[in-house]
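I have placed the structure first, in the form of structure tokens, so that the comments after it can refer back to it.
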Amino acid sequence: MTALPSIALATLLLAPGPNAGDDTPFVDASKTPPPGMLMVKPGRIKMGSTPKEVTDVLEMSKSHHGPVRLFDGETPQHSVTVGAFAIGKFEVTNEQYEAYARATKAKPPEHWAVEAINGARAAFLEAEGLKAKTAREAGERYSRKTWTEQVKEKWWSENWQDAEWNVPAGEESKPVNFVDYEDVSNYCRWAGLRLPTESEWTAAARGTSKSIFPWGDEWEATGRAHTEELHQRELKPVGSLPEGAGASGALDMGGSVFEWTSSPYNAFPKYKAGRYKGKVGKDKFDLAVNSDFRSSQKVIKGGCYGTPLFSARVAFRQGTRTDQTADMLGFRAASSIVPGADLAAAEWKESVKRCPVRRDEADIDVLNITGIDRWRTKAPAGKRPEGYALVEDYDALVFVPRGNLDLKPGSELNSSSRVWPVTLGEFVTTMPIAEPALEPGAYLVMYRGKGRFLKDKQEGKANDGENEGEAEEQETQPADDEAGPWAGIDTKSNILIFCRPDTGEVAATLEVEVKKDNRFKDVPSNLTFESGERIVGTGVDRRKETQDWLSFEARLPFANGKRAVPVLFSMRLPTGTFGTGWRR
């Protein structure tokens, strides 16, 4: 019996003809950040503070009892390596968030609906007054309820979908606030972005230097940071204080509003509770503390207009509940360099990895992603600072292979797939696909080799698929109810299966052929677009048709990391939908 080689996957569907060419002006993603963002180079950076720096800040803050626990949470100072990424030049503004809220019908910040909430308050108080009057007339007592912050929040959470709202006039280019962690994560997902990690935020603020603030070591807020020292309680438009730019060129990283990061509020490596001795004026202090870390909270950075300048230090970190909203809390977006990586990672985490038909623990490998993306922007009304962008929509087409193929090179992949399809990775598209017919969304991608279902893996290893007649007794063709989600799929061809993540239902299949694996470094990772005329139909329906094709070349590594399966497939897009402006 001859063993099947390890497989590569290449479509047998109609492929572009010889006259087709890659005529789309792709741009280099490594040199082209998303709109409104700045590239941050990789490097080794300093995180946190030394005990001496904490003591110095305590002496300068003149309020050592309150913040000492937070300051202690900045220790010990340590070095970390941060890869290349992009960071928003500005904090996300009201008008930027509004574009997302209207496009997705997401809940807006409650202060955008002042009139609706005031109307609800008046109705609430009137109803309570009527209840009290009715009770008095009946000779009974009634304790009126008051319109508290909790009552307002409850009303808003239950009624926001029916309320009218608008960004307050004049607030369009100011940082959005009153947004919790879920709100900002959802915005980033819609925009094809993500939140920065704490280390990325630090790298964008001071780079490889040890500067105290984004702008340097000077303890002066004027012209640099909107903190308590400016005595201005109203937020400023983003970019109003250019002298406070960080090492990356990002503005407002000190003051304005605190900014969410994706990092949990955990202790730094080798943390030990500190003891700090010093003097504030004539008063000496000797403080032993133990910071209150909580992994359920997220780190917020940068300080805000209502806190002292010490909170605008790059090292300052504070844990915050993920459901927290406040007028002093907003966010800044970040982005990975690889096109589509952030959207794919979010979709995998939120849905695809939990697809009920997946029977392995393999994760996706965003380092080997193959994809393209683009943003559409519109011009905001009014003047905005240089580098500002108002995102209107995001598109991506992405294939992400699994991190490793925990099967041996050879026939095991093919035979295992005939017991149960093998997970190959994730496919994400924001655009409809014509062939195979797929709606926009995220899909679990699985492979099934041709041949009848095998009883189990052990029996499957005895049959390599090339001499099916020799092992016919080991095969079984189950009834539809036994085949489960695979009932009705083509067993006479090698196929990719695209499964809906919520139900595991087969959304579409794609016929493929098998080829030999290769050394990992020799397997390409690329994506091309080709458009050209094809002859379609037969007889009286025979005609020329312009078709647009995307061809993916990706690699699926084996567990040993030395060899990989080339994953090759083509997809046809509805004619005229592709357009230009894509990063690759």
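The values are calculated or read from the model by the stated rules, or taken from the named source; none is laboratory data. Just so you know, these numbers come straight off a predicted model, no measurement behind them. Counting neighbours? That spans all protein chains shown, and the Cβs are built from the backbone with ideal geometry, glycine included. Protein only, heavy atoms only, side chains kept; ligands, DNA and RNA dropped before computing areas. Shrake-Rupley method; radii C 1.70, N 1.55, O 1.52, S 1.80 Å.
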What's the total number of residues in segment 279-297 that are in contact with a Lys or Arg (Cβ under 8 Å, 6 or more places away or on another chain), assigned to a strand (DSSP E or B) and either at positive phi or among the charged types (D, E, K, R) (or both)? 2
Answer yes or no: is there a residue in segment 106-119 that is in contact with a strand residue (DSSP E or B) (Cβ under 8 Å, 6 or more places away or on another chain), closer than 30 Å to V338 by Cβ and not polar (S, T, N, Q). no
Answer yes or no: is there a residue in segment 55-63 that is more than 30 Å from V238 (Cβ to Cβ), touching a Leu at 6+ places or on another chain (Cβ under 6 Å), crowded, with 19+ Cβ neighbours inside 10 Å and modelled with pLDDT under 95. no
If P264 passes every condition in (1) surrounded by fewer than 18 Cβ atoms within 10 Å (Cβ to Cβ); (2) in a loop (DSSP other than H, G, I, E, B) but one, which one does it miss? (2)
So which residues in segment 215-271 are at positive phi and among the basic types (K, R), if there are any at all? K270
The number of residues in segment 367-408 that are open to solvent by 50 Å² or more (accessible area, probe 1.4 Å) and out of contact with any strand residue (DSSP E or B) (no Cβ under 6 Å at 6 or more places or on another chain) is 9
Those residues of segment 550-563 which are on the phi < 0 side of the Ramachandran plot and within 27 Å of the chain's Cα centre (by Cα), in sequence order: L550, S551, F552, E553, A554, R555, L556, P557, F558, A559
Look through S79, S49 and report the one residue that is farther than 28 Å from Y187 by Cβ and part of a strand (DSSP E or B). S79
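Yes/no per residue for (1) of a type outside the set (G, A, S); (2) open to solvent by less than 30 Å² (accessible area, probe 1.4 Å); (3) at pLDDT 95 or above:
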position: K298; (1), (2), (3): yes, no, yes
position: G303; (1), (2), (3): no, yes, yes
position: P308; (1), (2), (3): yes, no, no
position: A312; (1), (2), (3): no, yes, yes
position: R317; (1), (2), (3): yes, yes, yes
position: T325; (1), (2), (3): yes, no, no
position: S335; (1), (2), (3): no, yes, yes
Within segment 523-534, the residues that are over 16 Å from M571 (Cα atoms) and open to solvent by less than 40 Å² (accessible area, probe 1.4 Å) are V523
Output for segment 39-54, where each listed residue is open to solvent by less than 40 Å² (accessible area, probe 1.4 Å) and closer than 17 Å to P214 by Cβ: V40, G43, I45, M47, G48, S49
Matching residues, segment 509-523, being among the charged types (D, E, K, R) and either within 24 Å of L438 (Cβ to Cβ) or in contact (Cβ under 8 Å) with a residue 60 or more places away in the chain (or both): E511, E513, K515, K516, D517
List, please: which pairs have Cβ atoms under 9 Å, are six or more places apart or on different chains, and start with a residue in segment 535-563 that is closer than 14 Å to E435 by Cβ and open to solvent by 20 Å² or more (accessible area, probe 1.4 Å) and end with one that is among the basic types (K, R) and part of a strand (DSSP E or B)? V536/R543; V536/K544; E545/R534
Residue pairs meeting the criteria (Cβ under 6 Å; at least 6 apart or on separate chains; first under 18 Å from Y100 (Cα atoms) and of a type in the set (K, R), in segment 147-176; second at pLDDT 95 or above and open to solvent by 40 Å² or more (accessible area, probe 1.4 Å)): K174/P237
Check off (1) of a type in the set (K, R); (2) assigned to a strand (DSSP E or B); (3) surrounded by fewer than 19 Cβ atoms within 10 Å (Cβ to Cβ) for R572 and give me the number that stays unchecked. (3)
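Answer yes if at least one residue in segment 524-534 is without any contact (Cβ under 8 Å) to a residue 60 or more places away in the chain, part of a strand (DSSP E or B) and farther than 30 Å from T377 by Cα, and no otherwise. Please lay out each step first, then the result.
We begin by selecting, within segment 524-534, every residue without any contact (Cβ under 8 Å) to a residue 60 or more places away in the chain; these are 524.
From what is left, the residues that are part of a strand (DSSP E or B) are none.
Scanning segment 524-534, I find no residue that is without any contact (Cβ under 8 Å) to a residue 60 or more places away in the chain, part of a strand (DSSP E or B) and farther than 30 Å from T377 by Cα, so the answer is no.
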Assess whether R563 counts as being in contact with a Lys or Arg (Cβ under 8 Å, 6 or more places away or on another chain) and more than 25 Å from L496 (Cα to Cα). no
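Taking the conditions exactly as written (touching a helix residue (DSSP H, G or I) at 6+ places or on another chain (Cβ under 7 Å) and either open to solvent by 30 Å² or more (accessible area, probe 1.4 Å) or small (G, A, S) (or both)), does S351 satisfy them or not?
Values: touching a helix residue (DSSP H, G or I) at 6+ places or on another chain (Cβ under 7 Å): no; either open to solvent by 30 Å² or more (accessible area, probe 1.4 Å) or small (G, A, S) (or both): yes.
No: the conditions fail for S351.
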Quick one: which helices (runs of 4 or more DSSP H) lie wholly within segment 84-170 and hold at least 3 residues that are farther than 28 Å from D393 by Cα? 114-137, 149-159
Please go through segment 112-141 and give me each residue that is surrounded by 15 or more Cβ atoms within 10 Å (Cβ to Cβ) and of a type outside the set (A, V, I, L, M, F, W, C), ordered by number. E128
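This table checks each residue for (1) within 21 Å of the chain's Cα centre (by Cα); (2) not charged (D, E, K, R).
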position: L309; (1), (2): no, yes
position: Q324; (1), (2): yes, yes
position: A341; (1), (2): yes, yes
position: E347; (1), (2): yes, no
position: I372; (1), (2): yes, yes
position: A379; (1), (2): no, yes
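If you check T197, T202, which single one turns out to be open to solvent by less than 10 Å² (accessible area, probe 1.4 Å), under 26 Å from S296 (Cβ atoms) and polar (S, T, N, Q)? Write out each step before concluding.
Working: T197 fails: open to solvent by less than 10 Å² (accessible area, probe 1.4 Å).
The unique qualifying residue is T202.
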